[in-house]
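This report concerns only the one structure given below.
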Amino acid sequence: MTASATWKVGRLAEASGLTVRTLHHWDTIGLLSPSRRTTGGHREYTEDDLVRLYQVLALRDLGLSLDSIAVCLDAGVDPIRLVRDHLTGVEASIAALGVLRERLALLEAALASGREPGATALFDALEAIGGTGQEGEHALGRHLDADQMQTLRTRAGALGPSMRYLLEVEWPELYRRAERLRTAGTPATDRRVRRLAARMDELSTLFTGGDTGISAGVRAAWHDDPVALSGDPDAPADDWRELAGYLDRARRGTA
């Protein structure tokens, strides 16, 4: 039987465009650890490790932080969806660069002929540089009014494809982790619980822009339909109410 191929850290760094130092750091924090080591202790990466590396890089290209990436991968990411989202992002970037190229060419032609580019051409170039995002879909419509929904869409557009993973993967996973700690009897003052609550609040601010009305609508959605938002078919409303109180105590630092 032929042994499966493995890659040393230097070769993997070269192929991926990363530094050896970065791969060492990702190993240290548990984001991407090699499945094998030589008898001398050197890292050896397998094909499974390469798959995870692609997922890390694809999610990073979509704008997720390393902490968010770790949560998403632990929760499980649909590989087909990830590739499609990555492809969509690349195609959108190519299209945006094409528009920018055309508008810069017009500016260059105007300047080369000794003409001052008009305000319209300049604004067109600025818009091409800034780009526009795509609206994210979510299940909060019945808890928010039209203006609040538009605010969420605007913020989702600014976040781009990363919004899906933050909202649909990381956020529910944070709640599931908090629920596991609660049912295990972990005090709300425990550092792990407080870190989860803090990250949930960071995501809430990211999604809502700090709008307290939208935040209240999101909490109402979790209260009324924890199954839909948590992705857990066994998440009864009573447990959600207990979890909400548990997280509030963690925020206050009270048991």
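Out of R180, R115, R192, which single residue is at pLDDT below 80, farther than 28 Å from D211 by Cβ and surrounded by fewer than 14 Cβ atoms within 10 Å (Cβ to Cβ)? Reasoning before the result, please.
Numbers: R180 fails: at pLDDT below 80; R192 fails: at pLDDT below 80.
Sole residue among the options that is at pLDDT below 80, farther than 28 Å from D211 by Cβ and surrounded by fewer than 14 Cβ atoms within 10 Å (Cβ to Cβ): R115.
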| task | Test L53 against the criterion of being in contact (Cβ under 8 Å) with a residue 60 or more places away in the chain and touching a helix residue (DSSP H, G or I) at 6+ places or on another chain (Cβ under 8 Å), and give yes or no. | result | no
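How many of the residues in region 170-219 are outside any helix (DSSP H, G or I), closer than 28 Å to D147 by Cβ and in contact (Cβ under 8 Å) with a residue 40 or more places away in the chain? Full working, then the answer.
Filtering region 170-219 down to residues outside any helix (DSSP H, G or I) leaves 184-190, 209-211.
Those left that are additionally closer than 28 Å to D147 by Cβ: 209-211.
Okay, now just the ones that are also in contact (Cβ under 8 Å) with a residue 40 or more places away in the chain, so 209, 211.
Looking only at that region, the number is 2.
Assigned to a loop (DSSP other than H, G, I, E, B), touching a Leu at 6+ places or on another chain (Cβ under 7 Å) and surrounded by 12 or more Cβ atoms within 10 Å (Cβ to Cβ): which single residue out of L32, L53 fits that description? Lay out the reasoning, then the answer.
Working: L53 fails: assigned to a loop (DSSP other than H, G, I, E, B).
After applying the criteria, what remains is L32.
Please count how many residues of region 56-87 are in a helix (DSSP H, G or I), among the β-branched types (V, I, T) and closer than 18 Å to S33 by Cβ. Don't jump to the end; show me each part of the working.
Kept after step one, since they are in a helix (DSSP H, G or I), are these residues of region 56-87: 56-61, 66-75, 79-87.
Subset that is among the β-branched types (V, I, T): 56, 69, 71, 80, 83.
Imposing the further condition that a residue be closer than 18 Å to S33 by Cβ reduces the set to 56, 69, 71.
Qualifying residue count, region 56-87: 3.
State which residue is farthest from D78 (Cα to Cα) when the search covers only region 36-48 and only residues that are touching a strand residue (DSSP E or B) at 6+ places or on another chain (Cβ under 8 Å) and modelled with pLDDT of 90 or more.
Quick first cut of region 36-48, residues touching a strand residue (DSSP E or B) at 6+ places or on another chain (Cβ under 8 Å) only: 36-38, 42-46.
Right, trim to modelled with pLDDT of 90 or more and you get 44-46.
Values: E44: 26, Y45: 22, T46: 20 Å.
Restricting to residues being touching a strand residue (DSSP E or B) at 6+ places or on another chain (Cβ under 8 Å) and modelled with pLDDT of 90 or more, the top hit is E44.
Restricting to region 1-29, name every residue that is among the hydrophobic types (A, V, I, L, M, F, W, C) and outside any loop (DSSP other than H, G, I, E, B). Reasoning before the result, please.
From region 1-29, those among the hydrophobic types (A, V, I, L, M, F, W, C) are 1, 3, 5, 7, 9, 12-13, 15, 18, 20, 23, 26, 29; that's our starting set.
Passing the criteria: W7, V9, L12, A13, A15, V20, L23, W26.
Would you say Y175 is at pLDDT 80 or above, under 30 Å from V56 (Cα atoms) and among the hydroxyl-bearing types (S, T, Y)? Full working, then the answer.
Values: at pLDDT 80 or above: yes; under 30 Å from V56 (Cα atoms): yes; among the hydroxyl-bearing types (S, T, Y): yes.
Yes: the conditions hold for Y175.
The values are calculated or read from the model by the stated rules, or taken from the named source; none is laboratory data. Quick caveat: nothing in here was measured; it's all calculated off a predicted structure. Reconstructed Cβ throughout: ideal geometry from the backbone, glycine too, with neighbour counts over all protein chains shown.
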